[in-house]
Amino acid sequence: MKGERIRYQQTGEFHFLTFSCYRRRPHLSAVAAMELFEDALERVRLRYLFAVAGYVVMPEHVHLLLNEPRRALLSKAIQALKLPVSVRSREGPFWQAHYYDFNVTTQKKFVEKLRYIHRNPVVRGLVAKPEDWKWSSYRHYQTGVCGTVEIESEWTAQQRGWQLPEWMRCRQAGSSSPVPKCEGPGAPST
């Protein structure tokens, strides 16, 4: 069928996702809306058990870099993420129906997508430097500081003694963190 979206899920790969507000309206431009999204992302991350490697909340769209949830298909987790934001917001309709999904198959693409996420507010002219945009994972990569959303990074892996999060261990016994080591913005020095 023409225009049919093909998604490759259950591949064990990270996904670069983009989803937009309805008709690209700036429903996420208020601080309260951005904080609502971050809170919903962390709640859904814990509920569906997936790692967030990077994110940015922009006034009219969101970019995420995450792995596949352990408890459901990625599409169900995204639905669970979008629903509470739209219900708690007074804007309606809030989200576009679909989202863009790109499977990240190499370390090079991982770093490219993470940098794209973090540079998005600068490219759009919202701030002068990535660290000036509060609703992003960049500050975590720069300083290791934990924010509303737990970021799976070298910082968090190092704090766990380079072990996977508890919920990921039984799935990938013997693996290190799913985030590439010593790459990307703000990777801690050893």
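Couple of notes before you dig in:
- Ala97 fulfils the conditions (1) touching a Gly at 6+ places or on another chain (Cβ under 7 Å); (2) surrounded by fewer than 16 Cβ atoms within 10 Å (Cβ to Cβ); (3) not polar (S, T, N, Q) except for a single criterion, (1).
- Members of the stretch 44-58 found to be under 19 Å from Trp95 (Cα atoms) and without any contact (Cβ under 8 Å) to a residue 60 or more places away in the chain, listed by number: Val44
- Of all residues making up the stretch 53-71, the number that are surrounded by fewer than 21 Cβ atoms within 10 Å (Cβ to Cβ) and modelled with pLDDT of 95 or more: 3
- Among (1) closer than 18 Å to Tyr22 by Cβ; (2) not in a helix (DSSP H, G or I) - the single one Asn103 does not satisfy: (1)
- Count of residues meeting criterion [farther than 25 Å from Ala80 by Cα, surrounded by 14 or more Cβ atoms within 10 Å (Cβ to Cβ) and either in contact (Cβ under 8 Å) with a residue 24 or more places away in the chain or β-branched (Val, Ile, Thr) (or both)] in the stretch 128-153: 5
- In the stretch 20-34, the residue that is nearest to Glu60 (Cα to Cα) out of those that are out of contact with any Phe, Trp or Tyr (no Cβ under 8 Å at 6 or more places or on another chain) and part of a helix (DSSP H, G or I) is Arg24.
- Of all the criteria given as (1) touching a strand residue (DSSP E or B) at 6+ places or on another chain (Cβ under 6 Å); (2) surrounded by 22 or more Cβ atoms within 10 Å (Cβ to Cβ); (3) assigned to a helix (DSSP H, G or I), the one not satisfied by Lys82 is (2).
- Check on Val127, at pLDDT 95 or above, among the aliphatic types (A, V, I, L, M) and part of a loop (DSSP other than H, G, I, E, B): yes
The values are calculated or read from the model by the stated rules, or taken from the named source; none is laboratory data. Only a predicted model underlies this, so the values are computations on that prediction, with no experimental measurement involved. Neighbour counts are summed over all protein chains in view; Cβ atoms, including those assigned to glycine, are modelled from backbone coordinates with ideal geometry.
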